[in-house]
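Take a look at the structure below.
The values are calculated or read from the model by the stated rules, or taken from the named source; none is laboratory data. Everything numeric in this text was worked out from a predicted model, so none of it was measured. We place every Cβ from the backbone using ideal geometry, glycine too, and count neighbours over all the protein chains shown.
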């Protein structure tokens, strides 16, 4: 164990757990890793230690889980790696977002204060919290009516998961919480505040979730006043106008925080960042022309550019939002991996489950093997990947999924493969839209959880996009990205790096194995993709609004049924 | 056991088994029933006692199975009911069709003659035999090119399952069998020949499967000559021009046949008839305005009329073909119950199978219960019922199935219900086409196997068609229909009936329970049906030929794969 080696810690706050990594700054090698499952996870039924029942769309979290994650994970890293605390030269965090919470002016969450603990509005709202849908719709309409320029940067729609719909929900539902809140803040900034005692707002969350941009700042007071006169001065009263670039040193680790983690006080702590965005440099993507695809329950597509292009239907475009000096575009597929989970849970016959048990493999593995035996187009099936609506390009949450081509000989593995293919056709649609809008894509790197191990999906990605598919080496790219940004915050004189590009060059790596398209399958997939496009445009652009009419009818029926 | 009571026997030759019923002529009551599973069933791999391998589309049968069915079932009827053989006043048969076989001039099947037994062309071709598809296509094209008037009576298309495509297949593939065949005959006529020693051709099979009509007879010699000069005189050389009405006495039971069945020689035997058509009078449908729906792996829709209307896209229109004196229209849904079997075999999760086992009910029962808990339109799903193409209205075997409206919360029971609904929407499409063409439908009676016990399907039928659904009482309507026609063949002086209408009045009954539509669900189904129609017309009338393109691509890929 060389005493000269320098390390940074990256902590990624996911939905159900936090993962901490200890990384060798010289080569990005993982010295230790540790995971902490939140005690409360997503709170959707009742508030903790209380009888207060929650709205069905609620997804709250417990601030103590965030602090406990620090206490439980970081000491293990040091123990496991047997390095000295002095070797840790920086700490960085990544966080889900928009996850927001109201606090006092010293950062104490209102949820932890006796007077507010029984009010759901006092609790951190996780990004999955969807109770502010009506607020989001009204915000979008307001922005459209006022010709707000910021709307273009967000594909024309404000998402219910973002900062201001949730803030408005607090304002509308609990004046006591709203008034008591000196600050309403992203969790990605709150955790940095806890570590350093310094309140900041990171550019990533502000840009992608808070309607902020480097050129225009936040929306005008008149916009907020149009929401409600009481919100006119929300920025100055509840937030901060200074937005901090990524990879900066926010402050130093406080005595208290150092004790939690058994570290030495004074270690540089870097700017907060959103989890998916932190994964981008850790997937080696730090320059224009490279796209990082983060494969999870949903898919996210991050691409960098020198110039600002208006790309229709993306999720967000933020200057310096992922990599300082570059414009970071984000697109998404809300269904993503959820399509495959849905299939496994709802459409795999018992006979197949038996076969998987017999072969002692998972049902995912069995289905992948069976589906991989098929040739492209062999099933005669084609699908539209809209089980969770269409997030990018069409930006329409009310679209639903479709499968076409069923025959009496259609097999489950054929349906599974059609879902994989449809999801990747959706990815190609995003690609083509970026390229057609002027944003070049010369290289694809994928990262994410188990899905990067799905060889069939990788093969389909290569042949549908007609590009070589490279895979990030680290299984924990969000945590690694946080650690990389920490190395930039600590800087070269302490053993870190000058820029995230330098850090990426040394610390981020790709797997050796890549997936290369082949000529035959590329051609077949071009033909299938043209069928996908025809259906995509027919159902997506209003030629036949069956999906929306059926969804409306469904909602009416359910409302009646529930009384 | 009253000696005065008179009985008839009906024998229904199905695909895998034959079912015989002994029926009280006075009230149609079932005195006994017996079933015989064919030893050979459908022969699709190798010829019996031979190494001759068969074409993958082959579906042959063994003539001995047909005779063994008589030997095994009829004696049991008498034994079980303990009636005297003298009480049996008539025998009738119903048969699948077009099921054809080549024979010598005494009716001996060539398949049973040493010289021909190793030639697949010598064997009975079951209706499911699909090796003559190319012949059917060429026949259709020929008829179109020659402006043949008969094509209108068959929805514009000659089916590969019918008589002449199969005959042409024999002619083209085996001149030795074709030349040795003194007769090529429908099995529905051959079995009557075996019972009576008299060769006849029944109007039902000749009309629905043999391109014959009362007005025009068979197609002209020039048509057959256009197929092949060697076929010019096929009718006179291999068949018979006299066509026998239904419910006639063809002849009397021979000594030999009486021995097989332990009956008395001389019993009247009635004209042959196809199985589904025999079910119509047994479902009480003997007059215009009533539609019988036969629910099986496919659905068949039979309606009677006084006048001849050109109904687009039906399967056949035959004067006297079901009930003497009336025009019998037949339409069909090739998918029918096969949709539900496909679903149960390919799309029910293991968890559901476990639940069914726990509740000790079948998976069909469990799925029906779960699907019945849903309201119409609650799932947000809609489907096109074309898993086996579209048989009637669009008459397009290359169409495939579709499901639209999937979300991450879509449950298997919702998909099952969407399949039930889509199949019934297809039924309504057939109804509306008949009505729009001038053929009134005032009453619906369903019959068939287990599907009439599916209460959810019955409920959906009522609410989608907006008519009361009545159900035939007998579970064996094809066999009962054959027995009813036997009672007409034996006539009033022997204790039978003058007409099939008289027989139906006494011998055919409906279940007491009927299914009545309700106002709310009717309205919701009207809305869903309008969505079905939009998709039906878009994909069915060539606005988007995705289904056909994908099917072609699939066939190309499979051809390549198989080398």
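Would you pick out the residues in region A:202-223 that are buried (at least 21 other Cβ atoms within 10 Å of the Cβ) and more than 15 Å from residue A:324 (Cα to Cα)? Within region A:202-223, A:209, A:210, A:211, A:212, A:219 meet the criteria. Among the residues of region B:32-70, those identified as surrounded by fewer than 16 Cβ atoms within 10 Å (Cβ to Cβ), more than 21 Å from the chain's Cα centre (by Cα) and part of a strand (DSSP E or B) are B:46, B:53. Highlighted here are the helices (runs of 4 or more DSSP H) found entirely within region B:187-248 that include at least 1 residues which are in contact with a strand residue (DSSP E or B) (Cβ under 7 Å, 6 or more places away or on another chain): B:187-196, B:203-209, B:234-238. Scanning region B:136-180 for residues that are within 12 Å of residue B:223 (Cβ to Cβ) and not in a helix (DSSP H, G or I) turns up B:146, B:147, B:148, B:158.
The residue that is modelled with the highest pLDDT, counting only those in region B:363-413 that are outside any loop (DSSP other than H, G, I, E, B), under 21 Å from the mean Cα position of the chain (by Cα) and within 13 Å of another protein chain (Cβ to nearest Cβ), is B:387. Per the listing B:296, B:336, B:272, the residue uniquely modelled with pLDDT under 95 and buried (at least 23 other Cβ atoms within 10 Å of the Cβ) is B:336. Scanning region B:505-534 for residues that are in a helix (DSSP H, G or I) and more than 30 Å from residue B:270 (Cα to Cα) yields a count of 16. For region A:117-135, the set of residues classified as crowded, with 22+ Cβ neighbours inside 10 Å and part of a loop (DSSP other than H, G, I, E, B) consists of A:123, A:124, A:126, A:127, A:129, A:132, listed by residue number.
From the list A:505, A:512, A:523, the one residue that fits, being surrounded by fewer than 17 Cβ atoms within 10 Å (Cβ to Cβ) and modelled with pLDDT under 95, is A:523. When the residues of region A:328-350 are filtered to those that are touching a helix residue (DSSP H, G or I) at 6+ places or on another chain (Cβ under 8 Å) and over 30 Å from residue A:280 (Cα atoms), the one that is nearest to the other protein chains (Cβ to nearest Cβ) is A:350.
Can you name every residue in region B:397-437 that is within 18 Å of residue B:156 (Cβ to Cβ) and surrounded by fewer than 20 Cβ atoms within 10 Å (Cβ to Cβ)? B:397, B:398, B:433, B:436, B:437 - these are the residues of region B:397-437 that are within 18 Å of residue B:156 (Cβ to Cβ) and surrounded by fewer than 20 Cβ atoms within 10 Å (Cβ to Cβ).
The rows are residues; the columns are (1) out of contact with any helix residue (DSSP H, G or I) (no Cβ under 8 Å at 6 or more places or on another chain); (2) free of Cβ contacts under 8 Å to residues at least 24 places away in the same chain; (3) buried (at least 24 other Cβ atoms within 10 Å of the Cβ).
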residue: A:247; (1), (2), (3): no, no, yes
residue: A:258; (1), (2), (3): yes, yes, no
residue: A:264; (1), (2), (3): no, no, no
residue: A:276; (1), (2), (3): no, no, yes
residue: A:283; (1), (2), (3): no, no, yes
residue: A:292; (1), (2), (3): no, no, yes
residue: A:303; (1), (2), (3): no, no, yes
residue: A:313; (1), (2), (3): no, no, no
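The residues of region B:15-31 that are part of a loop (DSSP other than H, G, I, E, B) and surrounded by 20 or more Cβ atoms within 10 Å (Cβ to Cβ), listed by number, are B:25, B:28.
Every condition in (1) touching a strand residue (DSSP E or B) at 6+ places or on another chain (Cβ under 7 Å); (2) part of a loop (DSSP other than H, G, I, E, B); (3) within 17 Å of residue B:33 (Cβ to Cβ) is met by residue B:475 except one, and the failing one is (1). Scanning region B:512-526 for residues that are within 14 Å of chain A (Cβ to nearest Cβ) and either under 26 Å from residue B:284 (Cβ atoms) or in contact with a helix residue (DSSP H, G or I) (Cβ under 8 Å, 6 or more places away or on another chain) (or both) turns up B:521, B:524, B:525.
Note on region B:417-445: residues that are part of a strand (DSSP E or B) and either more than 14 Å from residue B:305 (Cβ to Cβ) or without any contact (Cβ under 8 Å) to a residue 60 or more places away in the chain (or both) amount to 2. Residues that are more than 30 Å from residue A:43 (Cα to Cα) and in contact with a helix residue (DSSP H, G or I) (Cβ under 9 Å, 6 or more places away or on another chain) were ranked within region A:136-148; the one that is surrounded by the most Cβ atoms within 10 Å (Cβ to Cβ) is A:143.
Restricting attention to region A:315-338, the residues that are within 14 Å of residue A:423 (Cβ to Cβ) and free of Cβ contacts under 8 Å to residues at least 60 places away in the same chain add up to 1. Just one of the listed residues (B:537, B:502) is outside any loop (DSSP other than H, G, I, E, B) and more than 14 Å from chain A (Cβ to nearest Cβ), namely B:502. One residue stands out among those in region B:553-563 that are within 9 Å of chain A (Cβ to nearest Cβ) and loosely packed, with under 15 Cβ neighbours inside 10 Å: the one that is nearest to residue A:526 (Cα to Cα), which is B:556.
Residue A:547 meets all of the listed conditions (1) assigned to a helix (DSSP H, G or I); (2) within 25 Å of residue B:531 (Cα to Cα); (3) more than 11 Å from chain B (Cβ to nearest Cβ) but one, namely (3). Does residue B:325 fit the bill of being away from chain A (no Cβ under 11 Å), under 25 Å from the mean Cα position of the chain (by Cα), assigned to a loop (DSSP other than H, G, I, E, B) and surrounded by fewer than 23 Cβ atoms within 10 Å (Cβ to Cβ)? In short, yes. Could you grab me the full set of residues in region B:477-500 that are in contact with a helix residue (DSSP H, G or I) (Cβ under 8 Å, 6 or more places away or on another chain) and farther than 15 Å from residue B:270 by Cβ? Passing the criteria: only B:477. With respect to being buried (at least 19 other Cβ atoms within 10 Å of the Cβ), more than 10 Å from every other protein chain (Cβ to nearest Cβ) and in contact (Cβ under 8 Å) with a residue 60 or more places away in the chain, residue B:529 fits the description.
Selection over region A:369-390 of residues that are touching a helix residue (DSSP H, G or I) at 6+ places or on another chain (Cβ under 9 Å) and over 25 Å from residue B:545 (Cβ atoms) gives a count of 7.
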